[in-house]
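The values are calculated or read from the model by the stated rules, or taken from the named source; none is laboratory data. It should be emphasised that the depicted structure is a prediction, and the values quoted were computed from it without experimental measurement. Every residue, glycine among them, receives a Cβ derived from its backbone with ideal geometry; neighbour counts consider all protein chains shown. The accessibility values were calculated without ligands, DNA or RNA, using every heavy atom of the protein model including side chains. Shrake-Rupley method; radii C 1.70, N 1.55, O 1.52, S 1.80 Å.
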Amino acid sequence: MNLTKYVNVFNIGLQNTFVYRWNYFLRALFGLIPLAGTVFLWRAIFQEPGGKGFGGYDYGSMIYYYLLTILVSNLVTPTEDDWQIAADIREGQINSFLTKPLNYLGYRTGIFLAGRLVYTTVTIIPIGLIFLYFRDYIKLPSDVATYLLSISSLIMAAFIQFFITYSLAMMAFWILEISTIVFIVYSFEYFLGGQMFPVDIMPAGVQALLKWLPFYYELFFPIAIFLGRLQGAELVQAFAIQSCWLVVTWAVAQLMWRRGLGHYQAVGG
């Protein structure tokens with residue numbers, strides 16, 4: 001019965017999110033524009049006289065990497081979940097959840113999963129076309145285990161991102177506007193998570209530090225597995241760290257809810 005409640009939440013999320021399908025489609029379409037700039041940038045770098053590959057990347061593998069970042073980002077990155085949760089808190093909509101046998105984190109998880117499904121379904125066409133255009137640079141893994149490990153890491157990456165987003169949104173219990181905090185964390189995610197450039201082209205010491213931070217596991221890690229850039233003991237260690245961050249971010253999300261709810265009730269929410 002408990003599971004049925006959250007399945008119903010997921011279905012409601014699908015219906016509500018699908019209303020904005022054209023918004024998602026246009027966002028994804030124009031979101032490909034930075035890819036064009038990236039292609040021109042790396043083409044200029046690699047085709048300059050004396051230009052060589054570095055960090056194990058050449059022009060083709062770098063373009064392939066950025067194609068995968070677009071795909072993975074669409075699959076795992078929350079879209080406006082933080083603003084919606086913060087609005088629930090500011091506008092008092094959270095009150096309805098205090099009198100119902102419905103866990104708010106479970107409710108938001110259902111909405112998040114529905115949103116990712118609709119967003120991916122709507123944007124798969126422009127993403128598929130761009131993959132088709134760059135098909136000469138695509139080299140799919142031949143090992144089935146690579147696909148399984150990548151998918152496992154991808155699922156954990158999605159929930160790590162969601163739990164971080166949820167925890168940030170909980171700050172609305174204490175402050176009126178959370179946009180500055182969200183922007184700061186997003187900047188770290190963008191720079192340290194591999195969206196700007198592959199993490200493994202950075203100095204070895206920096207890479208060693210980043211592997212202990214959650215940002216590494218939000219996007220770069222699943223891609224690195226798919227590209228075969230992590231093997232053996234290094235891969236096992238990274239999976240263990242990602243699993244730990246999944247548990248930690250979930251625990252922080254639960255803690256932020258309890259603390260925030262206590263503050264909310266104390267001030268007469």
Test: residue in segment 218-225 that is of a type outside the set (S, T, Y), open to solvent by 20 Å² or more (accessible area, probe 1.4 Å) and not in a loop (DSSP other than H, G, I, E, B): no
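Report whether or not I178 is more than 19 Å from A86 (Cβ to Cβ), open to solvent by less than 20 Å² (accessible area, probe 1.4 Å), hydrophobic (A, V, I, L, M, F, W, C) and touching a residue at least 60 places away in the same chain (Cβ under 8 Å). First the steps, then the outcome.
Working: more than 19 Å from A86 (Cβ to Cβ): no; open to solvent by less than 20 Å² (accessible area, probe 1.4 Å): yes; hydrophobic (A, V, I, L, M, F, W, C): yes; touching a residue at least 60 places away in the same chain (Cβ under 8 Å): yes.
When the stated conditions are applied, I178 does not pass them.
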Residue list for segment 173-217, filter: among the acidic types (D, E), within 26 Å of G260 (Cβ to Cβ) and not in a loop (DSSP other than H, G, I, E, B): E189
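Considering each of L102, L129, L113, L149 in turn, give the residue that is open to solvent by 80 Å² or more (accessible area, probe 1.4 Å) and either at pLDDT below 85 or not aromatic (F, W, Y) (or both).
Only one candidate passes the filter, namely L129.
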Breaking point among (1) open to solvent by 50 Å² or more (accessible area, probe 1.4 Å); (2) within 21 Å of V76 (Cβ to Cβ); (3) of a type outside the set (V, I, T), for M170: (1)
Those residues of segment 178-215 which are touching a helix residue (DSSP H, G or I) at 6+ places or on another chain (Cβ under 7 Å) and polar (S, T, N, Q), in sequence order: Q195, Q207
Any chance F159 is touching a helix residue (DSSP H, G or I) at 6+ places or on another chain (Cβ under 8 Å) and surrounded by 16 or more Cβ atoms within 10 Å (Cβ to Cβ): yes
Total residues in segment 226-244, condition assigned to a helix (DSSP H, G or I), open to solvent by 20 Å² or more (accessible area, probe 1.4 Å) and under 18 Å from V72 (Cβ atoms): 3
Test: residue in segment 16-36 that is open to solvent by less than 40 Å² (accessible area, probe 1.4 Å) and at pLDDT 85 or above: no
Matching entry among G205, G260 (being crowded, with 20+ Cβ neighbours inside 10 Å and more than 16 Å from S150 (Cβ to Cβ)): G260
Selection count where residues are in a helix (DSSP H, G or I) and of a type in the set (S, T, Y), scope segment 69-96: 3
